[in-house]
1. Would you confirm whether any residue within the range 827-840 is without any contact (Cβ under 8 Å) to a residue 24 or more places away in the chain and either in contact with a strand residue (DSSP E or B) (Cβ under 9 Å, 6 or more places away or on another chain) or not hydroxyl-bearing (S, T, Y) (or both)?
2. In the range 685-738, which residue that is acidic (D, E) and farther than 21 Å from P663 by Cα is surrounded by the most Cβ atoms within 10 Å (Cβ to Cβ)?
3. Suppose the filter is surrounded by 14 or more Cβ atoms within 10 Å (Cβ to Cβ), over 30 Å from S827 (Cβ atoms) and modelled with pLDDT under 90; does Q632 pass it?
4. Whether any residue in the range 541-562 is on the phi > 0 side of the Ramachandran plot, outside the structural domain of T893 (by TED's automatic domain parsing) and outside any strand (DSSP E or B) is what I want to check.
5. Please find, among E1006, E1021, E925, E977, the residue that is modelled with pLDDT under 95, within 29 Å of N1097 (Cβ to Cβ) and surrounded by fewer than 17 Cβ atoms within 10 Å (Cβ to Cβ).
6. Of the conditions (1) within 22 Å of T523 (Cβ to Cβ); (2) in contact with a Gly (Cβ under 8 Å, 6 or more places away or on another chain), S642 satisfies every one except a single condition; which number is it?
7. G508 versus (1) in a loop (DSSP other than H, G, I, E, B); (2) among the small types (G, A, S); (3) under 13 Å from P887 (Cα atoms): which is the lone unmet condition?
8. Residue pairs, Cβ under 7 Å, 6 or more apart or interchain, first in the range 1109-1131 and outside any loop (DSSP other than H, G, I, E, B) and of a type in the set (D, E, K, R), second surrounded by 13 or more Cβ atoms within 10 Å (Cβ to Cβ) and at pLDDT below 75. List them.
Amino acid sequence: MASAAVKRRKISHPTPKDADLPSSNGVREPENDFSDEELDEEEELESGSDSADSAPADDRNGPKAKANGRRRAEKRDDTMMGEMYTGAIFKSNLFKLQCDDLLDQARPRAGPREASIDKVVRTLRKFIETIPDTEPRSVSEAEKALLKQHKTAVPFPDPRPPKDANYKLQYLKPSSITVSGSYQTKRFNRVGEELGVDLVVCMPSALFQEKDYLNYRYFYKRAYYLAQIASALLSSSAHKFDVSYSYLNGNRLHPILAIRFAKGGSEDGLAKTKSFIQIIPSCQPNQFPREKIAPHKNCVRPRGEEGHANPEKLPPTPFYNASLLADASPLVLSKLIEGASNHCDGFQDACLFGRIWLRQRGLGGSIANGGFGNFEWASTMATLLRHRSNVLSPGFSSYQLFKATLQFLANNDLRSQPFVSHNPKSFGTWTQGDCPVFIEAESGVNLLYKVRSWSYESLRQAARSSVTALGDTVFDQFESTFIQRADSSFLRYDFRLTVPQHDLLVKGSLETLEERCSRLHKTLLKGLSDRVGLITFKLPEFQVWKCDANPRSDEKARIQIGFVVHPQHAFRLVEHGPSAEEKAKADAFRKFWGNKAELRRFKDGSILESVVWEQKPGVSVFEQIVLYLLEQHFGEAVAQASHLEGDQTGKLLPGGGQDVTAPTAPFQGLLSAFTTLTNDLRSMDGLPLQIRHIQATDPQLRYSSIHPPSSTTSPATMTLEFEGSGRWPDSLQAIQYTKVAFLLKLSDLLSEHSSSYHAQVGIENRMHPIENQAYLDITTPSHHILRLRIHHDRETALLNRTLTQPPHLTTPASRDEAAFALSAYKSTFPRPAAHTQALATAATRFPALSPAIRLLKRWFASHLLLPHFAPETIELLALRVFLHPEPFGVPGTPTAAFLRTLAAIARWDWRGEPWCVDFGRANIEKNGGAGEGGMSKSEYAEVVTRLRAWRKVDPGMTRVALCVASSIETDGAAWTERGMPPVVIAGRMTALARAAVEEVKRWEREEGLMSLGTLFDSGVEDFDFVVELDAKAIARARNPHEENARFKNLAGGKAKDAMAGFEPVKWFVQDLERLYGDIMVLFWDSDGGNKIAGLWNPSAERRPWKVKIGYSTMPIEAGQDPKEGGDGKFTALINKRAILGEIARLGGDMVSKVAESAK
């Protein structure tokens, strides 16, 4: 029977060629080559059923069997189509699972807190309904009565109402009391937020007159109505509420009551919850004619001219009008949002996505936080769903709604092209100047009326960054979109300006803080022009205040201004203006720049108005411009009280005072010497073979060494490759001898070519004869030293042949030696050459990259970690924030790049995630998220697979702790294998990065100034012992020729050449690691430090006694407990004091002191 079953399973499978054909939409179509009968039959066979064999043929091929087969085929098609649908919407199944998990955590659920809040809301509603009506009173009488009888102040907006106002203030029972906002529609987030409930109290129409929309009259009556509710709540003996005034979203026209629950009252249980209630007065939707308070109308008339002033000739008052319309439309917009929620299944979850996205970027509904929060997000989506089907569709999933909304915000400039949901003619042709316009026509309110021009540009940039990230098909951008915080000013901005609010405001002026900031924003934008990509303002938030007082502004409040600069233009010395012939523009230019403007003739013959800045030590051109603009347009006092901070690289890098206009300038001398030497080598006659390649392989030749080449004797490495020839030997050792002969020949030819060159052959790797044995140190006419090695690609084939030989033709020792030699070959020749070329190109594209890498290396060195990392590893760590900047933009200063790198390292789970850098993403902004010739999705998957394989074969991570890959080196372990770094060093790196991030958070939290140098302070208290080195002895060992430098007749140059690459401390530490590497881990600063710190290996503290342990031990008698040493005889205990004494003797004059920790 089995054979029959196998025979029946002959199915016409598609050929491999046909199976790989994609469908027209780029998604592989399901394979439908099976007939219904064959699908039915195959499933029965796979399930192990014998009914197919015993059943009659008619039954197997009957209508019932065919129907079952069709159902199974349809089910299979639905499953495959579902997978295709998921991939098309969410990019990957993993991304969908992450989104589902995030929504599950953030989605609101009914709980005890919500039940308690519902109870209190009902109590408040009943209480407000019982507040008695009052008689109409004049403004002064009404205010005095409340303050005298109930000790409640009326939160009138500025300007206050005139005492002789001809209208009355009164309190009448509200027409309705409604719960509104995110709590009512269940769009609030349960994670990390205080739960707020909006209780909208609608004032009756009888309180208002026809003209109350003019000159703040409505807002005066609204403030009095709110004060009456506050007075009643404070006077209540049945309930103990903590009642205070606040401003709704920071709008001074919208005072509200903020209610929290004091302990000891009937609501005592609710006092422990993170929740509050806001009482928000409103008016009827049709209280005032919409055409009178449209955005393009004027509603604030000059005092005394209310009756006969022509409103058409007065400037519009869009913010005032929108504030009034917003009071009339909360229920209208709530119904709009509720309708969208009922009509579109994904709307609620899309609002949660938006809420999380906004919070992570520090955006909110208050004016201080940008004016675009959860309510604006939900209202915008609801409006687009209802009136603009080509943007959003009810059939979209939650993620599609979220992404399409981001695309709408990113791609549409609502300042130049206002959005009106329908009937735009009724709103005229008016635009709100520099602020965006998004009008929901049914309510008539501009939903973005609180969004200032700087906030809107910040919102658009954040949306563009997220859209680009979500379009990335290679790397997972879930964390950068939803998890990573992007609201730190120290990480987000390149420069930060702090201006005291008190100094910016002019005494006696009616100009508000927002208007003053708007003028400052325009001034900075005009003065900085293309030097900046973004200028944002962080205004002080209004705090709650007691109901018996008027609001007071904080005298110490500061305005924080962030700058995102274009590094290609930010530090330009000359600002070009209009030509002298354009008199109007030239006059405006001179008026704006004042004494700094001058008429100049340039080399091309043009005569232009110009501003020329000087390059001052410690003060960048950017800082000079900003402070000058403050002084020129806002007064000397404002400029002196302000503080601008940004790049502090010059204070921390060797050489100081780096030229920010040309960050790679310190390396140009060496690069010129390298180019000259390359040309001279190629032009020389007498070489037995033609030169194929000459490539740089050293950090100094890719702009990434800590010290500039002019201040170090460390030679810069390079490789030379000859054209292929059959005359090369087939023996690895013979190849090394041939290389030595070639180097000797090159040395002679260089001497013959020019007496300015000095060359000498050096020997290396004497204990490993199949590795590279020699190099040529060349001192150029500019006194730079280049170390040349010969690259022969035949070595790779010979080493691989040794590794792949059958076991009987080789030995394990020779295979290990070949494997080590192959790794050393790749790390010396092909890998550094490709990396150097790619990094040098990136450094010219990103001006801040070179100093950022040097700063990061200095940080590793200051914490005694640098020798444990390959230079390429640290360079790739720093490079990632330039090529993968999400959720920020490309950093414009080295300091910003350095801080973002530390934050990325602190978040990196290197045990399970690779660190990948795609060099092809250099043009990411131009290509919409896809780089040219970058890493493919399959290549990235290979890196992840390789990391998982390493973790399986090496769970202790003794060989590979970090997986650092790039698009030009996808191995992942190329720079980190063989314990570079060890696990303990990698853990130390993460801990130090997290400590640095916490310090940055402290700066942010305390609104303090940045002190970058504190991140480089490193103590030795955590180590078991410290070896202190004699700085003078080290200097003598490194530079013995300097003692004779004062005698001009001595040949100091040749002595310096002889000391090239001489690093006594490094060799001393290598000797210690060779002797004691199993029992200790050493930390030291290879960048000129004078301390070597160490940790004892706790697993080597006690070992079973044996002969030739390899280090000093003390035999002690062990007990029978195997935990104490084993077999109950003797245990070898590390003799720490003796080993430290040996270290001191080995160091000789270099060691001044060896101290054990007192911990």
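1. Of the residues in the range 827-840, the ones without any contact (Cβ under 8 Å) to a residue 24 or more places away in the chain are none.
No, every residue in the range 827-840 fails to be without any contact (Cβ under 8 Å) to a residue 24 or more places away in the chain and either in contact with a strand residue (DSSP E or B) (Cβ under 9 Å, 6 or more places away or on another chain) or not hydroxyl-bearing (S, T, Y) (or both).
2. First, pick out the residues of the range 685-738 that are acidic (D, E): 685, 698, 721, 723, 730.
Next cut, farther than 21 Å from P663 by Cα only: 685, 721, 723, 730.
Details: D685: 7, E721: 19, E723: 9, D730: 10.
Looking at the filtered set, the residue picked out is E721.
3. On the way: surrounded by 14 or more Cβ atoms within 10 Å (Cβ to Cβ): yes; over 30 Å from S827 (Cβ atoms): yes; modelled with pLDDT under 90: no.
So Q632 fails the test.
4. Residues of the range 541-562 that are on the phi > 0 side of the Ramachandran plot, as a first pass: none.
So far as the range 541-562 goes, no, none of its residues is on the phi > 0 side of the Ramachandran plot, outside the structural domain of T893 (by TED's automatic domain parsing) and outside any strand (DSSP E or B).
5. Working: E1006 fails: within 29 Å of N1097 (Cβ to Cβ); E925 fails: within 29 Å of N1097 (Cβ to Cβ); E977 fails: surrounded by fewer than 17 Cβ atoms within 10 Å (Cβ to Cβ).
Unique residue meeting the criteria: E1021.
6. That leaves (2) as the condition not met.
7. With (1) in a loop (DSSP other than H, G, I, E, B); (2) among the small types (G, A, S); (3) under 13 Å from P887 (Cα atoms) applied to G508, the lone miss is (3).
8. The qualifying pairs are E1124/A1118.
The values are calculated or read from the model by the stated rules, or taken from the named source; none is laboratory data. Keep in mind that what you see is a predicted model, and the values were worked out from it rather than measured. Glycine also receives a Cβ, built like all others from the backbone with ideal geometry; neighbour counts cover every protein chain displayed.
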